[in-house]
Structure formats: C-alpha cells, structure tokens
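Read the structure below first, then the notes.
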Amino acid sequence: MAIGGVTAALWFLVAVISCVESKYIAYNTTPSVVPGKLNVHLVPHTHDDVGWLKTVDQYYVGSNNSIQGACVQNVLDSLVPALLADKNRKFIYVEMAFFQRWWRQQSETVKSVVKELVNSGQLEFINGGMCMHDEAAPHYIDMIDQTTLGHRFLKQEFGYTPRIGWQIDPFGHSAVQAYLLGAEVGFDSLFFGRIDYQDRAKRKSEKSLEVVWRGSKTLGSSSQVFAGAFPENYEPPSGFYFEVNDDSPVVQDDTLLFDYNVEERVNDFVAAAMSQANITRTNHIMWTMGTDFKYQYANSWFRNMDKLIHYVNKDGRVNALYSTPSIYTDAKHATDESWPLKTDDYFPYADRANGYWTGYFTSRPALKGYVRMMSGYYLAARQLEFLEGRQSSGLTTELLAEAMAIAQHHDAVSGTEKQHVANDYAKRLSIGYSKAAAVVESSLACLTELNMSSGCRKPSTKFEQCPLLNVSYCPASEAKLENGKDLVVVVYNSLGWKREDIVRIPVSGESVVVRNAEGKEIESQLLPIANESLGMRNFYVKVHLGVSPVGLPKYWLAFGASVPPLGFSTYVVSHSDKMGSKSVISKVERTEGSNNNSVRVGQGNLVLTYVADEGKLIQYHNTKSLVKASLQQSYKYYIGDDGSGADPQASGAYIFRPSDSVAIKPEGKVAFTVIRGPILDEVHQRINPWISQITRVYKRKEHAEVEFTVGPIPVDDFIGKEVVTQFMTTMMTNKIFYTDSSGRDFIKRIRDYRSDWDLQVNQPVAGNYYPINLGIYIKDNSTEFSVLVDRSVGGSSIKDGQVELMLHRRLLHDDSRGVAEALDEVVCDKNQCEGLTAQGKFYLRIDPLGEGAKWRRKMGQEIYSPFLLAFTEQDGGKWTNSHATSFSATGPSYSLPDNVALLTLQELEDGTVLLRLAHLYEMGEDEDFSVMSSVDLRKLLLGKKISKITELSLSANQERVEMEKKRMNWKVEGASEDVPFRLYFLPRAGESLKDG
C-alpha cells in the first residue's frame, strides 16, 4: 500500500506539471529616477588589475589560472551580447591597457556595435587611464602621462571624454589625485573605496562619506571635485554577487521550480538599500555591482539584476535602476545639497587597528627606483624625439610610454604584486627603455651634425648609453683610450633652465684629462670606487645582462658640466701620459689611528663635522647662510611582526606592523674613509656588513648627498626586517612635519593626529608613516631641515626634531591582503641567489626659516631629471671640428623662470605638439617665487613655427574653455567662498603664454 500510494502521488504531480507551461517574462528595466523615493543606482562594473597575482598578459588571455581564475578577454567578449540583449542595461569599463588590446583584435562589425553601445550610453568609460594608478608611489607626472595615454586612445577611437574618476582600489588617496587627476582632467566626480576604518565609521555616522574635495590650497574652489567613499568597499552589498560560481542566492522567479524566492530577495534588497540610505545624504545611493575580474559570464549578473529591478520596482518601497557614476553624479548634483569640505588627503589608510597600509610606501625599493629613473628618462626622450622630428627616423618612445603607464598600477610600483609579476613589469620597462634609447641616440646623432639645414638623414655617429651606471658599469667610459681615440661625452639637460652639475663616470685608468667643447682643459677629479660598489657591479651586471663584466674600473671620474636649457654640451675625455694640470687624484684619509677628535668634510659653504673615533656625524654648518646646527644620523630596523600573537596581523608587502626596533650599531670601532679633492669630498662608511653609505659634499653646492647600499638583509635569524635611517636635530617641532603629495604640494602632518576625526592611536609608528615622493621637512622658529628622495619611500617624524626614512624591507610572512606571498625579494644568477640589495640616494639640507622651498623645488626637479649622458669614441681632436658641440632649443640666454617647470614636450602622431608647463610653488610657499610668471614660447621653442595654441585639459582630450563651461558647481557646507589663485590665458601664436 505504501508503495502504491507514493506512485499515485508522483503520477498526480507529473500530471499537474504537464498541464502548466513556463512563460516568458518581459522584465521592466526602463531606467528612471523617481522623485520622493530612495533611488538605488545599480552600477555594473569589473575591476581588472593590470597585473597583481598574474602578469598583465596572463590576466588578459586567462592563463596561469592555478593562481587565479581570471580572463579579461572573457569579460569583454561576454559583455557585448549581454548589453545588446536589453537596451536598458549599462556597464562601465576602466582599464584601457586591457580594453585597447581587446579592441585591436575585434572585427569592424564588432567595433561598430561597440561604438553604438558607447554612443547610446550603455557602455561608459570611467577614469579612462591605461590603469587605475596608485596614489602613494607614483610621481604626479607619471599619473598624468598614463591617464593621457588612455584618454587619447578613447578620443581617437570613440571621440569620447571620460567624466568620472574611479580610484576604487588604491590604498589611500592623494590630494593631487583630487585636483590634478580629478578636476584638472575635467572629471565631475571622483569615487574611491579605501579610507581609514576610523574615518569611515565617523563619516557613516555623520553622513559625510561624500564631500567636496579641494585638494589644492592654491587653486581652491576652481579645482574642487565632488568625491565619494563607498560605505564598505567597491563590491555589492552582501548577498548580491552573481558570478556563476558565487554563493549569493539568485533571483528564482519561476513558480514551477523549487526555491522560488522573489519576495525574500526583494526584502533583502530593500533592507540593504535602507541601511545604506541611513548613512547617505539625498535619496540616491550607489551599488557597485561587481568586483575583481567579474562578468566573465556577464549574463549571469544581468539576468539577476533585470529581475531585481523589475520586482523591486513592482514592490514600490524603493526604486532600482541601471545606472553609471555619471548618472549618479548628475542626480546628486540636481538635489542642490550642501556637502562637507575636504582639504587634505586620505593617508595613511588602515583597515583595522593593527592594519596600517604604510609598508607598501617602501616595498620593492629597486622597482620603485627603476620606475622613477625611467620616468625622468622618458621625459627627456620625448623632448629629443620632438627635436629630431617624430616621423624622421621611424623610432618612437611608445613602448616605454606603455610600460611606464602599466607600471603606475596600484599593484605595480606600489610593490604589492607577486614576484614573477614584479619581474614582468621590470622586463617591460627594460624593453621600452631599449626602444627609447634608440630614439635618444638617433636624435643626438642628428643634433650633433653640423649641417642640419636639409634635415637629418643617416648620421654616421653611433652613441652608447649606460643604464647600469648605478652599479658602476659603463663599458663606453671604461674602455681604454688607445691609438689617439677620445671619449666624447654628450650631456643633455631636459630642464627648462641652464644647469650646472657634476658628471660622474667610471674609468679604468688615472691618466685622463677632460676638456670642454672649446678644447680647454677643465677641472676633474678621480675618486676610488668603493669595494661595495664593485661587488654589486659584478653580481648585478651578470644578473641583468647575462654576462660578466670585463675588467674593473679603478676610479670615478668627476667633472663639472654646464648645459643650456633643453640642450646639450660636449666634453672630451682623453688619455694623457701624465696627469693634466687640472686633473687630480683624490686624497684618501683613513681615520684609524687618527689623533684628531673631529673630522671636517667640505671645502665650500657646507661643512659636515664627524667624531673621528665613532664615525658619527655631529654638526651641519653652512658658512654662507650662517646655519650651524647639531645633526646626527643613525640606522635601525623594525622587526616585522610575524602575526603569531593574539592579533594574527603580520607585517608584509602592504602592512607595516613593527613589533619592536633594533638600533644598528657598528661592529667594533668604526672606521670611515674621507676622500678629498677639488670638486667634492666623500665620506665612506661601512655601518655593518650589509649597510654602507657614501656622503658627498660638493664644493659648489650647499646640500649633502647620501648614497646608501642596504642588503642583502639577513634573515637567517628568521626575523623580517624593515630598515630605516634617522636624522636627529635639536629643533623644537611640536609634532609637526611636512610631506609631499605625489611629488607636488606639501601637506602639514601632525603626529598622532587626524583633522577629520579623533584618532585612536594603535600603531604609533606605522600610523604616522606617510608616502614620500619628493621629500619631507621639519621646521622650528629659525630653521628648516629638508630631506629629498630619489624614489617613493615611506617616512615620518616619530619624535620632535627627527626625520626617518624607510629604505628597504625584507619580510618572511604574508600579511593576508591577497598577494599570498611574503615580501622576500631574492635575486638569482643561475644557482647563486641572495636577498635583494637596494641602492639609492637621498639629499639633505638645513636652511634659515622660509628659505628651504627654493632648494626643495629646484633640487627636486634636478633629482627627477638628471643629466642624460651619451658616449661615443672619435679620433683625437676631430670631434669639435666635425660636429656641433652645444645646442639649445631655446633662444640665446633664455630659460624658463625659476618657478616654472617643463613637464611635457612631445610631438604627437598627427604632428601637433603637447606642451605642459607647471608652476612649482604653492600660494604662500615662498616670498619670491609664489608669484605669477610668464613664458615666451617664441624663445622657449626657438626655430619652431607656432601656428596655433590651444589650451587643453590636463590629459589633453578637450579644450579647457569647453571643460570649464561644463564644470559643475557644488555647494559646500559651512565654507566661506575662497579666492582661487588661478588665471587662464589663451594667447594667439607669437604671444607669450602665462602660467599661473
């Protein structure tokens, strides 16, 4: 009976099902904002990292999926038919490095369809740079360049101008991003995902996640932007993920199937919307419907969002619609609401009490240094490409442009990627450099030709460059000068003003003299190369080039070079059987056994004093400025927390969590060597077996240059180490110090303080670290102490009167932020592996109060744009008779004003020229230079006919006049109107261009 009963029941169920047919449901997704209701803007998006756990190529094609199942091709292939299925569906795409690859592979039919989707507003490009750049480690020039590259692509292919900034994943946000890469590129708003957890909590309670951000005290309201931080991250609310393998409940609306849940899903939607509405002003909220590498099967997302919009709107409690950040911004603006004012930045970022994302400010210091070196090189290479003429040689700087753009990604120069991905970025930069180097060498060969009237055809001169000068390797300068051969050194200056600096190249012998273009011998100095440098040279040359260097150079040859703006000067190094009258071998003084209690170093205005038996710096004295101050330097390392305590948070690629610090004391009695000569003095110090430094004091300069070598950091004690150098003065600084914002403006910092909320201090060191791209300084009522850097580092002033920089990190534990790999960089040559050695420079100076900005600004430009050196051999004495020995693109005796920098001089594909000039000083920063300046373009570009000048947005994709017409005005809560320091001029050809 039981069996028969079950059979009967099953027969009845089948009979019922067979009598009912499934019906097609036409979901109503018509977009509309409903006044008086809470409007939920669903923004479908994917966040596609341009490299992170996989390389950029692996992410694009979907290979190496054992690491991460991600394929950008799948996303874009899947997206087009999903959008075509419903004209109301929308999608935003961000990273042009990926989209550009995909676009080039499409048929004309597909391209036509995509253009229609863009024109209709279904597909919207947001941000529009080649990548979503980091905001701590990149220099602002690189941020501009990578954004411009993407914006030009969109303009050329679609006639499209992005409206919205979308920095949803970088780990903190800079003021420069707000006003330069926000307002000045024409964005109406800027959205981001990561702000400090304490800041976010307060902003939620005050409904102040969205603000009007004035990132520049100089430009004020003229460059403000509407900015919004998401309530949590850039993902959907919990339970609304719809990738095919996500575990959120789908919307099951077929009554003939089990698990029908429309009412449940609508209630979940309304509850999540109301929760967000409680922390948001106005009746508009945004849901970011997507996250990393989602929409590989786009219909899975759109199918569920179609249903949600349809059923939620039938329910009527809230209104849901497909939207984009542009639509959302317009809706917010239409409410005429007043918004809180934000004037500084969002650094540092912490996501929990012990989770300060301040370690990545220094992570992978060698990659950071390489990116910065290539940045200055790319600026100079574009100038030379323009001066020769872009089309004349067929060579271009495009590969370096693309490699540099990708390297600005927030998991690239940041140092937060896996090791194999970091290697991939470096390889791309190397390939890009080789192509740009060919442009440089070709351009210099042409510019040195005496007869340029008919244009440059095939110059006979072959130049070489030395990208490994940092490890004392330069085959061109090390070659023995035999059979009457001379070494010709062409020194190019990419700055807009005349520059005098010291050239240093390795040479093999001591019998050399240096002459200028007129054949007159000039002062030169031979300095012995430190043993640490030679050791690095042998290992790293083999690592990078695959061959062992031949021989060892014996000396650094140093001589002064004077080079006109946007031009070059020529110097000739010749063999001499006897030392020239102005060629001097440095005097070497060792301190062992010295009877002197102190050692003074420096023969010009600057003198440093050391304690002889301790090797300790004790005093800084500038006889010109009359500054005489106590100054001490030391090294120490922080012990990286291993996460074994109650809080499992470890120090890693992202996170800086020190558990303790250890002073690095010299082993035994310190011996240091002083090298003296007519051009500069050097102090060589071996701090311990894996830290050494050379301090240089130049006769004609008033700052000290410190070249450090740190590594390999030993970890055989199983302790991860984060190495810092500290400078201590007696200055009374009252917890205040200043750090730059992306290499541009300086922002006041106060230790253990945030202006936006009452800081709960959990990490007194890591929580006071800030990104440093240009420099850091402190001041009291009489002096300023400044330290400038040659790459991105982290730094702070942990005690009054003190400045510290983190130079290198080697850690043994992952910090659980996704990279799943310890920051333990190892360099291998076949079977020989060792920890990474980091080498770099920083520069220091003490000035009377109010005078430091002049040095910081000018020296900052010189650090970013060092001399570019090119070498060739010629028969003795013949070069000056057959070649141009000097050149300047500017008019005679003309240079840019001291407060104006040349950021870009680039010939574009269509023959137009992109010129960017920047005023270096903020309002009130310097009494003499924080003033309006004028530039005469006729003299700046002498010999170039200017037929038309058009002032553009910062990313050069629209005319500024039109951009200003479209600029949105936002009401600011409780803020008085400012008077922005801003004037725009659009001169006619032949008139001067004024820059404010």
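The values are calculated or read from the model by the stated rules, or taken from the named source; none is laboratory data. These figures come from a predicted structure and were not determined experimentally. Every residue, glycine as well, gets a Cβ built from its backbone with ideal geometry; the counts of neighbours run over all protein chains shown. For the accessible areas, the whole protein counts, side chains as well, though only heavy atoms, and no ligand, DNA or RNA atoms are used. Shrake-Rupley method; radii C 1.70, N 1.55, O 1.52, S 1.80 Å.
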Any residue in region 914-927 that is open to solvent by less than 40 Å² (accessible area, probe 1.4 Å) sitting within a Cβ distance under 9 Å of a residue that is of a type in the set (D, E, K, R) and part of a loop (DSSP other than H, G, I, E, B)? List the pairs, counting only those 6 or more apart or interchain. A918/R744; L920/R744; L920/D898; E922/K217; E922/R744; D926/E851
Residue check, K155 under 30 Å from E108 (Cα atoms), among the basic types (K, R), surrounded by fewer than 22 Cβ atoms within 10 Å (Cβ to Cβ) and in contact (Cβ under 8 Å) with a residue 40 or more places away in the chain: yes
Are any residues in region 526-579 open to solvent by 10 Å² or more (accessible area, probe 1.4 Å), β-branched (V, I, T) and closer than 22 Å to F887 by Cβ, and if so, which ones? V572
Which members of region 425-440 meet the condition of being surrounded by fewer than 20 Cβ atoms within 10 Å (Cβ to Cβ) and of a type outside the set (G, A, S)? K427, I431, K435
Can you tell me how many residues within region 492-508 are of a type outside the set (A, V, I, L, M, F, W, C) and over 19 Å from P892 (Cβ atoms)? 5
If I filter region 184-200 down to residues being in a helix (DSSP H, G or I) and touching a residue at least 60 places away in the same chain (Cβ under 8 Å), which single residue comes out as most open to solvent (accessible area, probe 1.4 Å)? Y197
Tabulated pairs, region 338-362, first over 24 Å from Y637 (Cβ atoms), second part of a loop (DSSP other than H, G, I, E, B) and aromatic (F, W, Y), C-beta under 8 angstrom, 6+ apart or interchain: W339/W970; D351/W357
Residue list for region 615-629, filter: of a type in the set (V, I, T) and closer than 16 Å to M731 by Cβ: I618, V627
Report yes if R281 is at pLDDT 95 or above and part of a loop (DSSP other than H, G, I, E, B), otherwise no. yes
Of the residues in region 484-510, those that are out of contact with any Pro (no Cβ under 7 Å at 6 or more places or on another chain) and part of a loop (DSSP other than H, G, I, E, B) number 4
Mind counting the residues in region 825-839 that are buried (at least 18 other Cβ atoms within 10 Å of the Cβ) and more than 17 Å from S414 (Cβ to Cβ)? 2
Lone unmet requirement of (1) without any contact (Cβ under 8 Å) to a residue 60 or more places away in the chain; (2) open to solvent by 40 Å² or more (accessible area, probe 1.4 Å); (3) part of a helix (DSSP H, G or I); (4) over 21 Å from L209 (Cβ atoms) for N299: (1)
Which of the numbered conditions does V251 fail, given that it passes all the others? Conditions: (1) farther than 30 Å from S742 by Cβ; (2) part of a loop (DSSP other than H, G, I, E, B); (3) open to solvent by 10 Å² or more (accessible area, probe 1.4 Å); (4) hydrophobic (A, V, I, L, M, F, W, C). (3)
Looking only at region 844-863, filter to residues that are of a type outside the set (K, R) and closer than 8 Å to S786 by Cβ; which one of those is surrounded by the most Cβ atoms within 10 Å (Cβ to Cβ)? I846
Every listed condition ((1) modelled with pLDDT of 95 or more; (2) surrounded by fewer than 23 Cβ atoms within 10 Å (Cβ to Cβ); (3) of a type in the set (A, V, I, L, M)) holds for L395 save (1)
Members of region 144-189 that are within 30 Å of R817 (Cα to Cα) and aromatic (F, W, Y): W166, F171, Y179
Enumerate the pairs (first residue in region 97-113 and under 21 Å from C71 (Cβ atoms) and at pLDDT 95 or above; second residue anywhere and surrounded by 14 or more Cβ atoms within 10 Å (Cβ to Cβ) and of a type in the set (D, E)) with beta-carbon separation below 6 Å, excluding pairs fewer than 6 apart on the same chain, so at least 6 apart or on different chains. F98/D48
For region 232-247, state whether one or more residues are in contact with a Gly (Cβ under 9 Å, 6 or more places away or on another chain), aliphatic (A, V, I, L, M) and open to solvent by 10 Å² or more (accessible area, probe 1.4 Å). no
In region 89-112, which residues are buried (at least 16 other Cβ atoms within 10 Å of the Cβ) and over 14 Å from Y295 (Cβ atoms)? M96, A97, Q100, R101, W103
Answer residue from region 851-871, given it is of a type outside the set (A, V, I, L, M, F, W, C) and in contact with a helix residue (DSSP H, G or I) (Cβ under 8 Å, 6 or more places away or on another chain) and is farthest from A918 (Cα to Cα) among those: P866
Report, by residue number, each residue of region 306-337 that is open to solvent by 40 Å² or more (accessible area, probe 1.4 Å) and either outside any helix (DSSP H, G or I) or among the polar types (S, T, N, Q) (or both). N313, R317, T335, D336, E337
Given the criterion at negative phi, open to solvent by less than 20 Å² (accessible area, probe 1.4 Å) and modelled with pLDDT under 95, identify the matching residue among T880, T890. T890
Residues of region 833-872 being farther than 26 Å from S625 by Cβ and either free of Cβ contacts under 8 Å to residues at least 12 places away in the same chain or under 28 Å from the mean Cα position of the chain (by Cα) (or both), which ones? C833, E834, G835, L836, T837, A838, Q839, G840, F867, L868, L869, A870
Qualifying residue in region 292-301 (condition: among the acidic types (D, E) and under 24 Å from the mean Cα position of the chain (by Cα)): yes
